[in-house]
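To start, the structure under review is shown below, and the notes come after it.
The values are calculated or read from the model by the stated rules, or taken from the named source; none is laboratory data. From a predicted model like this one, the values you see are computed outputs, not experimental measurements. Neighbour counts are summed over all protein chains in view; Cβ atoms, including those assigned to glycine, are modelled from backbone coordinates with ideal geometry. When the accessible area is computed, the model is the full protein with side chains, heavy atoms only, and any ligands, DNA or RNA have been set aside. Shrake-Rupley method; radii C 1.70, N 1.55, O 1.52, S 1.80 Å.
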Amino acid sequence: MSNAFTDLLAEKGTLLADGATGTNLFNMGLMSGDAPEMWNTDEPKKIIALYKGAVDAGSDLFLTNSFGANASRLKLHGAQKRVHELSRVAAELGREVADKAGRKVIVAGSVGPTGEIMEPVGTLSHAVAVEMFHETADGLKAGGADIGWLETISAPEEYKAAAEGFALAGLDWVGTMSFDTAGRTMMGLTSEAMVDMVHGLDNTPQAYGANCGTGASDLLRTVLGFAAKGGHLPIIAKGNAGIPKYHEGHIHYDGTPELMAEYAVMARNCGATIIGGCCGTMPEHLVAMRTALDTRPKGAAPELEEIVAALGAFSSASDGTDGKGPVRAERRGRRRG
């Protein structure tokens, strides 16, 4: 099915996505514990500045400020009845920025995890999860999002529920998971297992991949796992800008623009065609990534040793595809970027 996202990907071959949401908003004054989505109506100029920062840095697409815009998360702030509104406004602000960009820019409607654990381990039923995702997706579509962008998912059951929610809303979508437990998601899913799951969905995403997790090295190892498994769908790589460090009461990421430029080129070589940054990724990182992707030719897929030499050591010896590594129970989802 053709849409603005698939058309631009076909035209350009590789798309540069955006960077962090949370890191940038905290730099604008968002306080820990606040719901970023409330800023869509309370501080719209700051949300526009967030979007514009990515566009001005050269991104081909950016994610809306709607990661936590679902009934479960917004209930923590007494705003569970504002899901559709806050999702719609997030996309409307994005549409305003994209339409003034002077080039084709995709507005991707961010959809994060519910923060609850699904049955049978937890109490969230499949039907309720589907409706949560449907409500968010419908708001994003009403606001003019070109595509839905599911991200930072750990449980396959939640990924599947989101697929149904997007279908009910009639919104094309892509979806990433977070691999941060010895190369697996917190629910134990490996990169190979994700490829099987994605290609078996009735409402198949337009692209799939990995975001957040640990460092850029680990994320690229996961992308190599996707590519080795095969499949016909485009792959997304959206890694953190290095490793988080706690300094003077704030979290800082140690990835330099130069490191993220190297990561972007290596992500493309690993098989990703939609490449961006997650936590800690600022406009200056995106500028370096844009330049690198535009000026350096695509090369062969790197060996693991080459990734380590360029980006740093892996956080675990195994990525789970060899049958090794721990499998942990899911913990509650966290905010993106």
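A few notes on this one:
- Scanning segment 36-78 for residues that are among the aromatic types (Phe, Trp, Tyr), in a helix (DSSP H, G or I) and closer than 30 Å to residue 10 by Cα gives a single hit, 51.
- Checking each residue in segment 295-305 for being in contact (Cβ under 8 Å) with a residue 24 or more places away in the chain and either part of a loop (DSSP other than H, G, I, E, B) or acidic (Asp, Glu) (or both) picks out 296, 298, 299, 300, 301, 302.
- Subset of segment 210-236 [in contact with a Ser or Thr (Cβ under 7 Å, 6 or more places away or on another chain), closer than 22 Å to residue 313 by Cβ and of a type outside the set (Phe, Trp, Tyr)]: 210, 211, 212, 213, 214, 215, 218, 222, 225
- Residue match in segment 44-53 (condition: out of contact with any helix residue (DSSP H, G or I) (no Cβ under 7 Å at 6 or more places or on another chain) and at negative phi): yes
- Test: residue in segment 293-309 that is open to solvent by less than 10 Å² (accessible area, probe 1.4 Å), modelled with pLDDT of 95 or more and either over 26 Å from residue 24 (Cα atoms) or out of contact with any His (no Cβ under 8 Å at 6 or more places or on another chain) (or both): yes
Okay, residues lined up against (1) out of contact with any Ser or Thr (no Cβ under 7 Å at 6 or more places or on another chain); (2) surrounded by fewer than 14 Cβ atoms within 10 Å (Cβ to Cβ):
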| position | (1), (2) |
| --- | --- |
| 8 | yes, no |
| 14 | no, no |
| 26 | yes, no |
| 31 | yes, yes |
| 38 | yes, no |
| 41 | yes, no |
| 45 | yes, yes |
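- Within segment 260-297, tally of residues that are over 21 Å from residue 67 (Cα atoms) and of a type outside the set (S, T, N, Q): 23
- Residues in segment 87-109 that are open to solvent by less than 10 Å² (accessible area, probe 1.4 Å) and of a type in the set (Asp, Glu): 0 in all.
- Residue that is out of contact with any helix residue (DSSP H, G or I) (no Cβ under 7 Å at 6 or more places or on another chain) and either within 21 Å of residue 276 (Cα to Cα) or not basic (Lys, Arg) (or both), where the choices are 10, 57, 71: 10
- Of residues in segment 220-258 being part of a strand (DSSP E or B) and modelled with pLDDT under 90, the one farthest from the chain's Cα centre (by Cα): 247
- If the condition is being touching a Lys or Arg at 6+ places or on another chain (Cβ under 8 Å), in a helix (DSSP H, G or I) and over 21 Å from residue 6 (Cβ atoms), then segment 259-282 contributes 265, 269.
Yes/no per residue for (1) farther than 16 Å from residue 87 by Cβ; (2) free of Cβ contacts under 8 Å to residues at least 40 places away in the same chain:
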{"position": "132", "(1), (2)": "no, no"}
{"position": "189", "(1), (2)": "yes, yes"}
{"position": "206", "(1), (2)": "yes, no"}
{"position": "219", "(1), (2)": "yes, no"}
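- Flag if residue 22 is modelled with pLDDT under 95 and crowded, with 19+ Cβ neighbours inside 10 Å: yes
- Which listed residue, of 53, 68, is within 21 Å of residue 101 (Cα to Cα), of a type outside the set (Phe, Trp, Tyr) and open to solvent by less than 40 Å² (accessible area, probe 1.4 Å): 53
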